[in-house]
1. Considering Cα pairs under 8 angstrom that are at least six residues apart, work out the relative contact order of the range 162-306 and quote it in whole percent.
2. Tally Lys/Arg at +1 and Asp/Glu at -1 over every other residue whose Cβ is under 14 Å from the Cβ of residue 150; what's the total?
3. Once you sort the root eigenvalues of the Cα gyration tensor of the range 52-147 as a ≥ b ≥ c, which label holds: rounded (a/c under 1.5), prolate (a/b larger than b/c) or oblate (the other case)?
4. Tell me the label-point distance for the pair residue 23, residue 168, using the 7 Å Cα-to-Cβ offset, in nm and rounded to one decimal.
5. With charges set only on the Cβ (+1 for Lys and Arg, -1 for Asp and Glu), what does the dipole of the range 162-306 come to about its Cα centre, in debye to the nearest 20?
6. Ranked highest first by the average count of other Cβ atoms within 10 Å around their residues, in what order do 193-199, 217-223 fall?
7. For the range 162-306, just run the numbers: alpha carbon Rg, then divide by 2.2 N^0.38 Å, N being how many residues it has.
8. With a point put 7 Å past each Cα toward its Cβ, work out how far residue 35 is from residue 139 in nm, to one decimal.
Amino acid sequence: MLLGGLFKPEAGPALLGDSAPSWEQLKTLSHQTATGQALLQAEADRAAGAGPTHTDATLRLFGKSEEDVRLTLYRDTAAWCPYCQKVWLLLEEKQVPYRIEKINMRSYGDKPREFLAKVPGGILPAIELDGQLMTESLVIMQTIDEVFSSYGPQMVPPAGTPERERASELLRLERELFARWCELTFRPGKGMLDSAEKGLLQTLRAVDAALGASDGPWFLGGAEPSLVDLQYVSHVERLLASVLYWKGLRLRGRDDLAHVDAWLCAFEARPSYLATKSDYYTHVMDIPPQYGPGFGIGDAEPFAKAIRAGAGESWQLPLSLGADGHGAIEPLAPLQVVMPLPVVMPLPVGGYPPSLLTRHRAARAAAGRRRGGGAARGGVRAGGQLRQGGRVRGARRGPAGRLGGARQGRARRPVRRAQPRAAPRGGRLPAPRRQRAARRRRRGGAARGGRRGRRRRRATAGARQLPRVPARPRRRAEGHGPGRRDALPRPHQLAHREALSRHGAMRLPRGVAGSCATSTR
């Protein structure tokens, strides 16, 4: 249709996308609920340095004033680094006032220049205590416990005592457990005659015996965890998820590890630990960029599938939980089952108007059709072309895998097709075309040589034209394959990114791997 000499594409059916509530309206409605008010209050408390432990907090005062803050903790933005988790837990258990500066791990992006100027190696965690910088998690934890001895429980036994010697022995056992975990997880199979798995279980039984020798759930006894417990829990937490995912080895609920299970339950009863704890899916997706790729076995595939895709058709948390909250895949701590699901929008008196629900559903369906390249099969226009049989004939794929050009209602650029090309005078092709012709000739193609080519030239004698070579566009399944800038992420990738975004993390780049001995902190 021409209007004033300009082409105006034919408009499609009217869209209902503007009839849905705006984000501001939804935000206002959600803030009017009891859950919304509680979330706003929790955010205000975090800004003031109060409230429970939270990954988004940047100031922790524990009832003190900002003038009392002497320490700044530099930890990873994603709140996943096991070495940062130990220091974070110690500060929360001792309730030492501190500030938090979040720094990317190397797998998530470049570190800020200001941080590299202070810590040339860029290693995490790091603390700045009274203007002095310090790295290495164990050294940091001992220093904090010594400098802030009047805060909270004592984490390190006094020097020269039997408890101090016992703590040193347990720390050496923890390093042996870490080595056994790496030997099993980051190598193919389970070792010669399952030696790697047997070695890990043997070391875990030694850890279980050490816990059974104390009076209480903690390694050194008492009512509060010590530095030894914090040193163990960060890697045991990752061990549980990784050996189940890659090796099919379940460690929770075993009779020969009853003390380890009780120790984990004691940690899961502490809100400070639950705020720093990650789920199984996050662990198995974050371990390869930090430590290196894990090697799975066939027996572990049912567990790996459950962790990747959840118990149903879509990915969800928690995983395969029973009525008691302790499921077959990932147990849920008691403090995690008492929280009801938040109600985001209030239900008006008499319910929502049917027209609003109808328009909202229609708008979502229309948005889905636009992302997928059109509506249902047969007769709905997409990109100015009639869609028949579920796709547009001859349409190209646009951004985000749409069919039918750019946007609904716009004119679509015609598809260019390869045309027969006449040979130049003398019958000799330019160098690039000669090379292509030689390749087709070796394949028996229809260039200037080969059987098929000679037959076609005899059939079209005198034409002096190269046979037509129609264009063969390379096609991939939508959303897959390398080189597609508009490739859509798979469902488990979307869930992983959503889980990371809750911690403020960036997307993981491809091909980044660390080593087992030294994580990419």
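1. Relative contact order for the range 162-306 comes out at 28 percent.
2. Details: positive: 64, 70, 94; negative: 68, 145, 146.
Residues near residue 150 contribute 0 overall.
3. It comes out prolate by the Cα gyration axes.
4. That separation, rounded to one decimal, is 5.8 nm.
5. Numbers: 17 positive and 21 negative charges, 73 e Å.
Magnitude of the dipole: close to 360 debye.
6. Values: 193-199: 15.3, 217-223: 17.6.
With the highest mean Cβ count within 10 Å placed first, the list reads 217-223, 193-199.
7. Rg over 2.2 N^0.38 Å, computed on Cα atoms: 1.04.
8. For the pair residue 35/residue 139, the computed spacing is 4.7 nm.
Rule-based calculations on the coordinates, nothing more; no lab input. The shown structure was predicted, so the numbers you read here are calculated from the model rather than taken from an experiment. Virtual Cβ from ideal backbone geometry, glycine too; neighbours counted across all protein chains shown.
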